[in-house]
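Since the structure comes first, as structure tokens, the remarks are kept for the end.
The values are calculated or read from the model by the stated rules, or taken from the named source; none is laboratory data. What you see is a predicted model; the values in this text were computed from it and never measured. Neighbour counts are summed over all protein chains in view; Cβ atoms, including those assigned to glycine, are modelled from backbone coordinates with ideal geometry.
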Amino acid sequence: MDPLAAPSDVWQHIAIFLDRPADVRAYLEALPPRLLSPPLASLLALMAAQRAGRLAATAGDVRLWPTLDLSNASVDDDLAHHIATCLGLFPMLRLQVVGFPYAMPRTTRLELTNLSSPTAFMTALQQWPDAITSLSLDLRDGAWSIEALAHGLASLPRLEAIDVFWPSTRSDEAFATLLQAITATPITSLALRFSFDSRLNWTASLTALLEPWLTTRPVRSMAVHDLKAIDEACVLALLDAIARCETLETLVLRSVVLARSLFKRRLAFPKSLTTLELWSIPCVDLDRAMASLAHLALHTLRFSVLFPGQHKRDEDLAATRFISETLPTLTSLRTLELFSFPLPRESWRPLSLVLQRLQQVYLYENKLKDDGVSVLAAALPACHHLQTLHLISQKCTDRSAIAIANGAPTSLRALDLSENRIGSDGAIALSRLLGQLDAIDLNDNGIGADGAARHLRQVGLMYTSIKRRGVLALVSGLSHSPFFQGGAVVVIGTVGRDRPNDVAACRQAIARLPNQSMLQFEEPDAMF
């Protein structure tokens, strides 16, 4: 039997199991048109429109796979037809604005992001009460009525997740009203974000609202960001409730005041936990933190420790013990992020061994420099699962970039070396990887015009030194690039505004591109 004789819905089912947008596009382009179901044909048309800059101001503003994210989409009638045709492919639709003009399939789960006005919220309630499963709310607008918001939340039967930003302009009493309404909904995921100048005082009554939600409901995710005021007794009561949540998979605590009390005693995390994010843990509590973390079934760990630098030898020893003793016990770990966590020389080799079983690695301000990065780079050929590598603000140079280029595994898809000291030689070495990468970020480095390679796809070069000659080289390369797949090259801040002739020459060259969204040369008029 000819395998190509299979009905088109078979090929559609195969597409649904592909994760990467580039893989889906390659698959659809390889199929004969007669095998494309109408939804697949429309998805392919949308991908072509994205590459041509027809969907949004920049090609990166819209995501077409695996979640359909039309938060910043701007479409004409032809594209509207394709969107309506392929909607059934997506279990999740993400929108930032209301007024979506298409019929929503009954199976679609709708995620509304950054709802910042009560008018938008009420419109969403009227349009999609049975589709909304996730809400992100920004309550800075004084027109929000907390009572009306609470009433609206109660009318959403499929609601699973709420992410709320709470400003300093609102009262503690209003927050208590909202929290009571939130915990009465069917949600299993909650993120509470407080403004940098928050004056909210977390009291025992607020913990009493969360405690039954955490201990009697199938809660999957809990996050607290930038809480400023909570006493130690409330912290311990909240942590006790978290420890008794037998279904909790994700816990995010990004709050200095929480971190101060977090490991005053050994903390027992739920056995169900797979993602843990803890920020600003005092160095003196690191031993207790290590005891609490050891042997957890974590897939993802994001961790930040406050090292005051007063007793460097002791701090280096503690950091090395964390890397060499605690991380190896996390045998399920696949994603690791260490932020402002100095990594001494003794930790490099143990970290390189852990690296070999990870899929995503995010290292920020770890003082690795070239010597440390070179040790990690030497382990890269054995990192067969590594897909994402971020080595940001490590004070590394071309030497590190060349070592990474030489050792990068074929599995690597995203590389971020921003805020380092990489020049043109390093950029040229890294250009060998551009055929396999989905994204590379070299922002805030010392790359010159010679490093503006001609075969880039989605690249960050903000505030580098490529200047006019580099921008023009990129324009020339992008005009004929076989690798461009709907991303953008960001070169904001590379040509000084004190050189108007250079700016004008770059603008004229960019205007001749087949799709001007390929190159982001200037800041957008408005950022949201």
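If I filter the stretch 89-103 down to residues being within 25 Å of A48 (Cβ to Cβ) and buried (at least 16 other Cβ atoms within 10 Å of the Cβ), which single residue comes out as farthest from the chain's Cα centre (by Cα)? The selected residue is F100. If you go through the stretch 258-281 and pick out every residue that is more than 25 Å from the chain's Cα centre (by Cα) and surrounded by 18 or more Cβ atoms within 10 Å (Cβ to Cβ), you end up with 4. Picking from residues in the stretch 117-135 that are closer than 19 Å to W213 by Cβ and hydroxyl-bearing (S, T, Y), the one that is surrounded by the fewest Cβ atoms within 10 Å (Cβ to Cβ) is S134. It is to be established whether one or more residues within the stretch 293-308 are in contact (Cβ under 8 Å) with a residue 24 or more places away in the chain and in a helix (DSSP H, G or I). There is at least one residue in the stretch 293-308 that is in contact (Cβ under 8 Å) with a residue 24 or more places away in the chain and in a helix (DSSP H, G or I).
Checking each residue of the stretch 152-159 against the condition of being touching a strand residue (DSSP E or B) at 6+ places or on another chain (Cβ under 8 Å), over 20 Å from P118 (Cβ atoms) and surrounded by 14 or more Cβ atoms within 10 Å (Cβ to Cβ) gives at least one match.
Just to be sure before I move on: is L327 under 21 Å from L253 (Cα atoms) and crowded, with 19+ Cβ neighbours inside 10 Å in the structure I sent?
Values: under 21 Å from L253 (Cα atoms): yes; crowded, with 19+ Cβ neighbours inside 10 Å: yes.
Yes: the conditions hold for L327.
Within the stretch 291-306, can you find the residues that are under 26 Å from the mean Cα position of the chain (by Cα), surrounded by 14 or more Cβ atoms within 10 Å (Cβ to Cβ) and of a type outside the set (K, R)? Selection gives L293, L296, L298, H299, T300, L301, F303, S304, V305, L306.
Has the stretch 343-358 got any residue that is under 20 Å from the mean Cα position of the chain (by Cα), at pLDDT below 95 and surrounded by 15 or more Cβ atoms within 10 Å (Cβ to Cβ)? Within the stretch 343-358 (the criterion being under 20 Å from the mean Cα position of the chain (by Cα), at pLDDT below 95 and surrounded by 15 or more Cβ atoms within 10 Å (Cβ to Cβ)), the answer is no, since none of the residues qualifies.
Looking at D19, D9, D69, D76, which is the one that is within 20 Å of M104 (Cα to Cα) and either buried (at least 19 other Cβ atoms within 10 Å of the Cβ) or modelled with pLDDT of 80 or more (or both)? Talk me through it step by step, then tell me what you get.
Working: D19 fails: within 20 Å of M104 (Cα to Cα); D9 fails: within 20 Å of M104 (Cα to Cα); D76 fails: either buried (at least 19 other Cβ atoms within 10 Å of the Cβ) or modelled with pLDDT of 80 or more (or both).
Answer to the check: D69.
Look at the stretch 242-256: where a residue is part of a loop (DSSP other than H, G, I, E, B) and a partner is of a type in the set (G, A, S) and surrounded by fewer than 22 Cβ atoms within 10 Å (Cβ to Cβ), sitting 6+ places away or on another chain with Cβ atoms under 7 Å, you get E246/S272; T247/S272; L248/S272; E249/S221; E249/S272.
Taken over the stretch 226-235, residues that are out of contact with any helix residue (DSSP H, G or I) (no Cβ under 7 Å at 6 or more places or on another chain) and surrounded by fewer than 18 Cβ atoms within 10 Å (Cβ to Cβ) amount to 2.
Any residue that is in a loop (DSSP other than H, G, I, E, B), touching an Asp or Glu at 6+ places or on another chain (Cβ under 8 Å) and buried (at least 17 other Cβ atoms within 10 Å of the Cβ) - is there at least one of those in the stretch 375-384? Taking every residue of the stretch 375-384 in turn, none turns out to be in a loop (DSSP other than H, G, I, E, B), touching an Asp or Glu at 6+ places or on another chain (Cβ under 8 Å) and buried (at least 17 other Cβ atoms within 10 Å of the Cβ).
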